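Right, one structure below, let's go through it.
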Amino acid sequence: MDFLAGCIGGAAGVLVGHPFDTVKVRLQVQSVDKPLYRGTFHCFQSIVRQESMFGLYKGIGSPMMGLTFINAIVFGVQGNTMRLLGRDTPTNQFLAGAAAGTIQCVICCPMELAKTRMQMQGTGEKKSKRKLYKNSLDCLLRIYNREGMRGINRGMVTTLIRETPGFGVYFLAYDVLTRSLGCEPDDPYMIPKLLFAGGMSGIASWLSTYPVDVIKSRLQADGVGGVNQYSGIADCVRQSMKQEGWRVFTRGLTSTLLRAFPVNAATFATVTLFLMYMRDEEEGKDCEPSPSRSLQQQQPQASSL
């Protein structure tokens, strides 16, 4: 049940947020000496004007393939970890989320590598004269043939540093907010509350680890033109700080937060409502459902695979 719920929630999130992600990546990796974009909205306008609306959806194939499995893994692992920990406490919510974030990196890192490379391809061109990659799968195959498994997992360490605490904050914030807002099944404002809790959880998660995401994007985009600029994480941090100062770690933050709210609102609300519906259907076969059931029993945190 969690697998299907995660898949549906992931697909909803990708469709809503991918254009913002394209803008985020372009802003994070653009040259400081010759910047193409002045800011978030200028980047949006430039991509649409130069590359059409389809430019905002470059690389969407990779997250559409990967995020369905990622969400299934995340919600499944988190729910089962909560069962193993036994008690539903804020600390356990964080630990369960961190465990889920760590495990899903196996899929997340290659997926984001392909997405980043595809998003950078043909920058500023409506029709790319020379396409290095045909699609996300071709991108990964070419990287593997040239660099092996090490190339496929470029940025894995920074992905782990970002995702482990990031998902801990993600599930902790959602649990705290749904409890505070009193999200009950018979509440007429339950859906707006779920959307708000999911959206704010996404924002809290991104704010907690965003500087790491900037470094990850730069490492994964490095070498697109055939020349590697960074020798590793420390070198990337050092060069970025030297050239741009501390502000480099906020590159693309506006578009990220604009994306984070609707994407995570759609994802969490979809998963929670789907699980509620499925469990009501299952219980209806055996007995009359109790009207006094709290939403806490039906949230993703308490679910199992």
Checklist entry - Tell me, which residue of region 245-262 that is open to solvent by less than 20 Å² (accessible area, probe 1.4 Å) and hydroxyl-bearing (Ser, Thr, Tyr) is nearest to Leu207 (Cα to Cα)? => result Thr256
Next on the checklist: Can you find a residue that is in contact with a helix residue (DSSP H, G or I) (Cβ under 9 Å, 6 or more places away or on another chain) and modelled with pLDDT of 80 or more anywhere in region 6-15?
Outcome noted: no
Item to check | Enumeration of residues in region 73-124 that are open to solvent by less than 20 Å² (accessible area, probe 1.4 Å) and of a type in the set (Ser, Thr, Tyr) | outcome: Thr116
Checklist outcome for this item: Note: among Val224, Val212, just one is open to solvent by 20 Å² or more (accessible area, probe 1.4 Å), within 18 Å of Lys24 (Cβ to Cβ) and outside any helix (DSSP H, G or I), namely Val224
Checklist outcome for this item: Considering region 176-209, residues that are charged (D, E, K, R) and either outside any helix (DSSP H, G or I) or under 28 Å from Phe249 (Cα atoms) (or both), and then whichever is nearest to the chain's Cα centre (by Cα), we arrive at Glu184
Checklist entry - Which of (1) within 20 Å of Gln93 (Cα to Cα); (2) out of contact with any Ser or Thr (no Cβ under 8 Å at 6 or more places or on another chain) does Leu194 not meet, given it meets every other one? => result (2)
Checklist entry - Can you tell me which residues in region 217-247 are in contact with a Cys (Cβ under 8 Å, 6 or more places away or on another chain) and of a type in the set (A, V, I, L, M)? => result Leu219
Next on the checklist: If I filter region 230-244 down to residues being in contact with a helix residue (DSSP H, G or I) (Cβ under 7 Å, 6 or more places away or on another chain) and open to solvent by 30 Å² or more (accessible area, probe 1.4 Å), which single residue comes out as farthest from Leu113 (Cα to Cα)?
Outcome noted: Met241
Checklist entry - Identify, please: which residue in region 34-52 is open to solvent by less than 60 Å² (accessible area, probe 1.4 Å) and part of a loop (DSSP other than H, G, I, E, B) and is, among those, nearest to Thr256 (Cα to Cα)? => result Gly39
Next on the checklist: Can you go through Ala269, Ala265 and tell me which one is at negative phi, buried (at least 18 other Cβ atoms within 10 Å of the Cβ) and at pLDDT below 85?
Outcome noted: Ala269
Checklist entry - Is it true that some residue in region 19-28 is among the β-branched types (Val, Ile, Thr), assigned to a helix (DSSP H, G or I), at pLDDT 80 or above and open to solvent by 10 Å² or more (accessible area, probe 1.4 Å)? => result no
Next on the checklist: Let me spell it out: the conditions are (1) open to solvent by less than 30 Å² (accessible area, probe 1.4 Å); (2) in contact with a Cys (Cβ under 9 Å, 6 or more places away or on another chain); (3) among the hydroxyl-bearing types (Ser, Thr, Tyr), and Thr164 meets all of them except one. Which number is the exception?
Outcome noted: (1)
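The values are calculated or read from the model by the stated rules, or taken from the named source; none is laboratory data. Quantities reported herein were computed from a predicted structural model and do not represent experimental measurements. Because the Cβ atoms are built from the backbone with ideal geometry, glycine has one as well, and the counts that use them run over all protein chains shown. Side chains are part of the model used for accessible areas, which takes the heavy atoms of the whole protein and leaves out ligands, DNA and RNA. Shrake-Rupley method; radii C 1.70, N 1.55, O 1.52, S 1.80 Å.
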